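Q: For reference, the structure I am asking about is given below.
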Amino acid sequence: MSSRLVGVGVGPGDPELVTVKGVNALRAADVVVVPVMDTGERGRAEATVLHYAPAEKVVRVVFALNERTDRARREAAWDAAGQRVAGLLRAHGTVAFATIGDPNVYSTFTYLAQTVGELVPGTLVETVPGITAMQDLAARSGAVLTEGTEPLTLVPVTAGAAVLKDALNGPGTVVAYKFGRQAAEVAEALRETGRLDDAVWGSALGLPEESVRAAAELDGAPLPYLSTLIAPARREGGRGGKL
């Protein structure tokens with residue numbers, strides 16, 4: 001039988017936001033891999049997984065999750081992680097990879113699946129969608145992501161604040177991921193584009209240290225790396241104005 005690698009989205013951190021299909025995939029897998037920056041840490045994905053799968057089948061695999069300057073180190077870490085997961089696939093029938101959010105949205109899983117496909121030809125790769133941080137933040141803050149014909153733009157601020165500013169100058173709602181270390185630049189971009197007043201940001205959603213605040217309160221101090229921002233579309237014309 002072919003090996004199966006299943007990328008399972010486990011949501012933004014609140015264990016109640018894992019889908020039924022995601023829970024079933026975690027429980028059915030022989031091994032559940034969780035990505036970490038260091039083998040001594042318990043990451044958010046693992047903390048969520050442990051609500052549904054026994055600790056003895058959870059395996060931590062190190063990824064250079066935040067490495068953006070040293071490409072050689074990053075790729076060496078990806079290769080090592082791929083080798084580790086390939087070994088697990090050869091020993092077990094089904095390996096699940098738990099990823100925060102959704103496995104097809106800015107996820108380490110996409111790189112892992114490509115590497116494993118080369119190392120273990122014939123591996124069946126599947127994904128189980130997960131609830132994203134922008135959906136959870138919208139629910140917790142009351143921000144509406146889209147109405148009528150509005151577009152929705154998702155920007156990782158790790159690409160640079162200029163990319164975010166270009167998006168804010170366009171139509172529709174803009175969501176920014178991973179903006180914590182550039183909070184000052186993000187606040188300035190919101191002010192310059194007139195999008196500050198209605199914007200909200202959040203971090204550690206669904207966890208004890210959760211913070212959901214108005215973007216107008218941003219004071220330039222660094223925020224948690226995985227902070228999420230929603231700048232809603234400019235809406236005029238009343239209910240259904242953009243239908």
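The values are calculated or read from the model by the stated rules, or taken from the named source; none is laboratory data. Note that the structure is a prediction, hence the values are computed from the model and not measured. Neighbour counts run over all protein chains shown; Cβ positions are idealised from the backbone, glycine included. What goes into the accessible areas is simple: the full protein's heavy atoms, side chains included, and nothing from ligands, DNA or RNA. Shrake-Rupley method; radii C 1.70, N 1.55, O 1.52, S 1.80 Å.
Q: Taking all protein chains as present, what is the carbon and sulfur share of the accessible area of the chain, in % to the nearest whole number, probe 1.4 Å?
A: 50
Q: What relative contact order, as a whole-number percentage, does the chain give when Cα pairs under 8 Å and 6 or more residues apart are counted?
A: Values: 506 pairs, mean separation 52.1, N = 243.
Relative contact order for the chain comes out at 21 percent.
Q: List the residues whose amide H sits under 5 Å from the amide H of Thr173, counting only those 5 or more places along or on another chain, with H placed 1.01 Å from N in the peptide plane.
A: Amide H to amide H, under 5 Å and 5 or more residues apart or across chains, Thr173 pairs with Thr153, Ala233.
Q: Then there's this: Which one, Arg213, Arg71, Arg60, has the greatest fluctuation when you compute a Gaussian network model over the chain with C-alpha springs under 10 angstrom?
A: Taking springs between Cα atoms under 10 Å, the residue moving most is Arg71.
Q: Something else about it: Pick from Pro103, Pro224, Pro129: which is most flexible by mean-square fluctuation in a GNM of the chain where alpha carbon atoms under 10 Å apart are linked?
A: Pro224
Q: Relative contact order for segment 133-231 using alpha-carbon pairs under 8 Å, separation at least 6, rounded to a whole percent?
A: Relative contact order here is 32 percent.
Q: With Kirkwood's inverse mean 1/r over C-alpha pairs for Rh, give me the Rg to Rh ratio of segment 133-231, two decimals please.
A: 0.93
Q: Roughly how many debye, to the nearest 20, is the charge dipole of the chain about its Cα centre, given +1 on each Lys and Arg Cβ, -1 on each Asp and Glu Cβ, and no other charges?
A: So the dipole magnitude of the chain works out to roughly 400 debye.
Q: Averaged per residue, what accessible area in Å² does the chain show with a 1.4 Å probe, protein chains only?
A: Numbers: 11800 Å² over 243 residues.
Value for the chain: 49 Å² per residue.
Q: Another question about this same structure. Hey, what did segment 18-142 get for relative contact order, percent, Cα under 8 Å, at least 6 apart?
A: 29
Q: When we measure straight from the Cα of Lys57, which aspartates and glutamates land under 19 angstrom away, once same-chain ones fewer than 8 places off are left out?
A: Asp30, Asp38, Glu41, Glu46
Q: What three numbers, in Å, describe the spread of the alpha carbons of segment 4-128 along their principal axes, ordered from the longest?
A: 38, 31, 26
Q: Could you work out the local net charge near Ala231, counting Lys and Arg as +1, Asp and Glu as -1, over the other residues with Cβ closer than 15 Å to its Cβ?
A: Residues near Ala231 contribute -3 overall.
Q: Please turn the phi angles of segment 94-105 into ³J(HN,Hα) values with the Karplus equation 6.51 cos²θ - 1.76 cosθ + 1.60 (θ = phi - 60°), one per residue in order, whole Hz, x for glycine and proline.
A: For segment 94-105, the Karplus curve yields 10, 10, 9, 10, 8, 10, 4, x, 10, x, 10, 10 Hz.
Q: At 1.4 Å probe size, what's the solvent-accessible area of Asp219? Round to the nearest 10 Å².
A: The value for Asp219 is about 130 Å².
Q: About its Cα centre, what dipole magnitude does segment 133-231 give when the only charges are +1 on Lys and Arg Cβ and -1 on Asp and Glu Cβ, stated in debye to the nearest 20?
A: Here segment 133-231 has a charge dipole of around 200 debye.
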